[in-house]
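Following: one structure in structure tokens, then a few remarks.
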Amino acid sequence: MQTLKRNLLAVPILVWLGLLVGIPLVFVFVLSFLSRDSLGTIVFQFTLENWQRVLDPIYLRVFRNSLLLAFLTGLVTIVVGYPVAYITANLEPKKRALSIGLIMLPFWISSLLRTYGWMILLGNAGIVNNILLGLGIIDKPLPMMYKFGTTLVGTAYMLIPFAIVAIFNSVDKLDRSLLEASYDLGANRRQTFFNITLPLTLPGIAGGFTLVFIPALGLFYVSDLLGGGNTIFLGNLINTQVTRGRNRPLAAAFSIAMIIVVLLVISIYGKVAKDDAEGLFL
Amino acid sequence: MKNQRFSQVVGMLMVALLAVTLVLSVEQAVAAAGEINLMTWGGDFIPREIINEFEAETGIKVHYKEVTSNEDMQSLLEANPDQYDLAVVTDYMVDILRQTNMLGVLDKDQLPNYANINPVYHGPYYDPTDEYSIPYAVSTSLLLVNPAAVESLGAQPITGYNDLWQKELVNNVVVVDWSVEIMGVALKALGYEYNETDPEKVAKAREKLFALKPNIVRFETNTPEDSLVNGEAVAGFMYSNQAVKGVQARPDLAPVFPVEGMPIFIDSWVMSKEAPNKEGAYQFLNFIMRPEIAARIADLTKFTSPNKAAEEFLPEDFKNNPMLNLADEVLENTSFYIAVDKVLDEYEHIYLEFKLR
């Protein structure tokens, strides 16, 4: 009774989640076992065909593409984000607030607009090429758009604040006396960083990686705009199958498969961070 | 005591909420008499200024739902047939909606201005009896080329699809992003027809298509002409209204009507079977079929008008534009994407393999 009273405030959000996430999810799951006719109308007939197609080698390559992109995005955001988070955590409070504010600022603008911003920056007639041409460093525009690397730049840029904030929290909680002890025992800065700081902030790194990895699997418009649609990721595949491909059951099967991949990643994260109280998901 | 006051406050809030809801719903019911709901492509496909004029003249409010694909409109119409009066969909979708019994028969007695429609567009395959649809905008897909850049790459001048395969054009071709259309390019290049189902021909087209991959720099459905304007590409396969904009932005670009033939699209008005305001919908259709209104729509949207009577109201540069005022020999060499549903699954799979190369 006591716990019920204490958790009463959580009831609305649980009902909300149950209605708007739980039920649709069951729909999607059921849909993935249904058929459709050639006009795209759903037919209530059980089939495993959609799931067979998920395991078709050509579609597995889409999974590999997406996992590669998400993994590299995670890696890039950690490598670039770690120093930012580390320096920010060691700033005096006022400057620290400013730094966090600046990291969050781009989030106030639509991510679609920011993606177009990259096109304006990197395009053949874009700002970077115009400057380089104007300075006489190159004599014809560098083709920077529509490559795998362009997509990677876009997803990493879009998601890096998640990595920074997760690592920042971890560095912030670091017990400074451990670092002093390390110096007292004769370790230099490098040794202290690799033997004390890095292992202690590992949960933050794992958390940041997970927070970046999961949405990176689904950011289809970034690869459409910056990647020029030159390859296919899970998000694009699901998007086309729902719209122009008119195969919603297949899209449902891929969505469920994607959720399974995400759950796997979260369980790996759970293993990494299990001894730590600052877990992301429990 | 405290509790009592709390329940009083809650009670009052409930009453207030109920009152607001009641007022709102009454207002909605009043408005419903004078409003129509239509849906189609965004990007001013039905120009705002035309809608404003219609609203001012008739007092009927127009709600314009913007969608990005025919399939979206199909699902919206299936989910809520009583929430839409009119939609503009592409030819093959008229066929699908007609077969799935989503459309209402148009009463021509209520549409005197239907007489303005060019008889050439009567009785199309997707609506042989002209009962369900009225043509609104005619367009084609064609090649937009930068002839000077093609020459400087050492490639032959582009006259048809086959020229896109020249190895000199590596990373220099932009195309719209849809399986059926890109398979169509490969099929036509081999001298076959669109939406071929013969397995042998499809297999050949698949191989042919794979060979095109190195030349494609970008797949883009919304603004492919930009790639030619900013020099990322020297040739593109795109919709005629996009090519028109490309040439406007950069006059040294030239349209090429592929010798192998090209696809034609007729975006057409259809009425939902359960349209809540058929009266208003007829008024709207009549309005946009007036010759001078149809001419202005054509000029604003850069689509060819199927309205014969509108021709005399078109500006000179529109009439002189070969992409908008299609010559008879060009028109004869066009064909529809028929029975998309029969090939879609297979073409999507081939397209996926193509993209993953």
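Here, each number is a calculation from the coordinates, and none is a lab measurement. Because the structure is a prediction, the values reported are computed rather than measured. No Cβ is skipped: glycine too gets one built from the backbone with ideal geometry, and neighbour counts run over all protein chains shown.
Need the list of aspartates and glutamates near B:Lys342 for cross-linking: C-alpha distance under 17 angstrom, and skip anything on the same chain fewer than eight residues off.
Of all the aspartates and glutamates, those that pass the test against B:Lys342 - Cα under 17 Å, at least 8 places apart if same chain - are A:Asp37, B:Glu71, B:Asp91, B:Asp95, B:Glu181, B:Glu193, B:Glu196, B:Asp198, B:Glu200.
Any idea what the dipole of chain B comes to, in debye rounded to 20, about its Cα centre with Lys/Arg Cβ at +1 and Asp/Glu Cβ at -1?
Details: 27 positive and 53 negative charges, 211 e Å.
The calculated dipole for chain B is roughly 1020 debye.
Which residue, chosen from A:Thr88, B:Gly236, B:Gly104, occupies the Cα position most advanced towards the positive end of the dipole of the protein assembly as shown, where the dipole is computed from +1 (Lys, Arg) and -1 (Asp, Glu) charges on Cβ about the Cα centre?
Ranked along the dipole, the leading option is A:Thr88.
With the cut-off at 1.5 for a/c, could you classify the protein assembly as shown from its C-alpha gyration tensor as rounded, prolate or oblate? Before the final figure, lay out the partial values.
Details: a/c = 1.93, a/b = 1.34, b/c = 1.44.
Here the protein assembly as shown falls in the oblate category.
Please report, for the Cα atoms of chain B, the Rg to one decimal and the Dmax as a whole number; what are they, in angstrom?
24.2, 92
Relative contact order, percent, of chain A when contacts are C-alpha pairs under 8 Å separated by at least 6 residues?
On the way: 302 pairs, mean separation 76.5, N = 282.
So the answer I get is 27 percent.
Rounded to the nearest 10 degrees, what's the angle between the helix B:240-249 long axis and the longest principal axis of chain B, both from Cα atoms, 0 to 90?
With rounding to tens, the tilt is 80 degrees.
Round to the nearest 10 and give me the degree value, 0 to 90, for the angle of helix B:48-58's Cα axis relative to the longest principal axis of chain B.
That works out to roughly 40 degrees.
Which one, A:Gly228, A:Ile120, A:Leu264, projects farthest toward the positive side of the charge dipole computed for region A:57-272 from Cβ point charges (K/R +1, D/E -1)?
Toward the positive end, the furthest listed residue is A:Gly228.
Quick check: from the Cα gyration tensor, does region A:57-272 come out rounded (a/c under 1.5), prolate or oblate?
Values: a/c = 2.36, a/b = 1.37, b/c = 1.73.
Oblate, because a/c is 1.5 or more while a/b does not exceed b/c.
Quote the convex hull volume per residue of region B:72-160, based on C-alpha atoms, as a whole number of Å³. Mind dumping the intermediate values first?
On the way: hull volume 14.3 nm³, N = 89.
For region B:72-160, the hull spanned by Cα atoms encloses 161 Å³ per residue.
Quick one, could you list the DSSP H helices from chain A stretching 18 Å or more along their long axis (Cα atoms) with average Kyte-Doolittle hydropathy of -1.0 or above? Each step should come with its number before you reach the end.
Details: long enough: A:57-89 (45 Å, 1.36); A:148-172 (34 Å, 1.43); A:198-216 (26 Å, 1.59); A:248-272 (36 Å, 1.97).
Those that clear 18 Å and a mean of -1.0 are A:57-89, A:148-172, A:198-216, A:248-272.
Suppose each label sits 7 Å from its Cα in the direction of the beta carbon; what would the A:Ile137-A:Thr3 distance come out to in nanometres?
6.2
Considering only the other residues whose Cβ falls under 14 Å of the Cβ of A:Val62, what net charge follows from Lys and Arg at +1 and Asp and Glu at -1? Working shown, then result.
Details: positive: A:Arg53, A:Arg61, A:Arg64, B:Lys355, B:Arg357; negative: A:Asp56, B:Glu348, B:Glu353.
That sum, taken over residues with Cβ under 14 Å, equals +2.
Let me check against my output: what whole-number percent is the relative contact order of region A:108-218, with C-alpha pairs under 8 Å and at least 6 apart? List each step's numbers first, then the result.
On the way: 76 pairs, mean separation 27.5, N = 111.
Once divided by the residue count of region A:108-218, the mean separation gives 25 percent.
For the protein assembly as shown, what is the charge dipole size about the Cα centre, in debye to the nearest 20, if Lys and Arg each add +1 at the Cβ and Asp and Glu each add -1 at the Cβ? It would help to have the intermediate numbers written out before the result.
Details: 48 positive and 66 negative charges, 687 e Å.
The calculation lands at about 3300 debye.
With everything on Cα atoms, drop me the angle between helix B:2-32 and the longest principal axis of chain B, reported from 0 to 90° to the nearest 10.
60
Considering the convex hull of the alpha carbon atoms of region B:252-357, report its projected area averaged over all viewing directions, in nm², one decimal.
Numbers: hull surface 44.0 nm².
Computed as one quarter of the Cα hull surface, the answer is 11.0 nm².
What per residue convex hull volume, in Å³, do the alpha-carbon atoms of region A:107-228 yield?
Values: hull volume 18.2 nm³, N = 122.
About 149 Å³ per residue, rounded to a whole number.
What ranking do B:81-90, B:53-62, A:62-71, A:208-217 get when scored by the average of other Cβ atoms within 10 Å per residue, highest first?
Ranked from most to least packed, the peptides come out as A:208-217, B:81-90, A:62-71, B:53-62.
Counting each DSSP H run of 4 or more residues in the protein assembly as shown as -39500 (n - 2.57), what helix-only mean residue ellipticity at 222 nm follows after dividing by all residues, to the nearest 500 deg cm²/dmol? Kindly include the intermediate steps, with their values, before the conclusion.
Values: 29 runs with 343 residues, N = 639.
Result for the protein assembly as shown: -16500 deg cm²/dmol, rounded to the nearest 500.
Between rounded, prolate and oblate, where does region A:1-87 land on the alpha carbon gyration tensor, with a ≥ b ≥ c its root eigenvalues, rounded for a/c under 1.5, else prolate if a/b exceeds b/c? Walk me through the numbers before you get to the answer.
Details: a/c = 3.60, a/b = 1.09, b/c = 3.30.
Verdict is oblate for region A:1-87.
Place a +1 charge on the Cβ of each Lys and Arg in region A:57-272 and a -1 charge on the Cβ of each Asp and Glu, then give the dipole magnitude about the Cα centre in debye, rounded to the nearest 20. Walk me through the intermediate numbers first.
Working: 16 positive and 7 negative charges, 95 e Å.
In total the dipole reaches around 460 debye.
Report relative contact order for chain B in percent, whole number only (criteria: Cα-Cα under 8 Å, sequence separation at least 6).
Details: 587 pairs, mean separation 88.6, N = 357.
Across chain B, relative contact order equals 25 percent.
How much net charge surrounds B:Glu196 when only other residues with a Cβ under 13 Å from its Cβ are counted (Lys, Arg +1; Asp, Glu -1)?
Working: positive: B:Lys188, B:Lys201, B:Lys204, B:Arg206, B:Lys208, B:Lys342; negative: B:Glu193, B:Asp198, B:Glu200, B:Glu346.
Summing Lys and Arg as +1 and Asp and Glu as -1 gives +2.
Among the lysines, which fall within straight-line cross-link reach of B:Lys108, defined as a Cα-Cα distance under 16 Å, with same-chain neighbours fewer than 8 residues apart omitted?
Those lysines meeting the cut-off are B:Lys273, B:Lys278.
I want the local charge near A:Trp51. Using Cβ-Cβ distances under 15 Å, sum +1 for each Lys or Arg and -1 for each Asp or Glu among the other residues. Before the final figure, lay out each step's value.
Values: positive: A:Arg36, A:Arg53, A:Arg248; negative: A:Glu49, A:Asp56.
That works out to +1.
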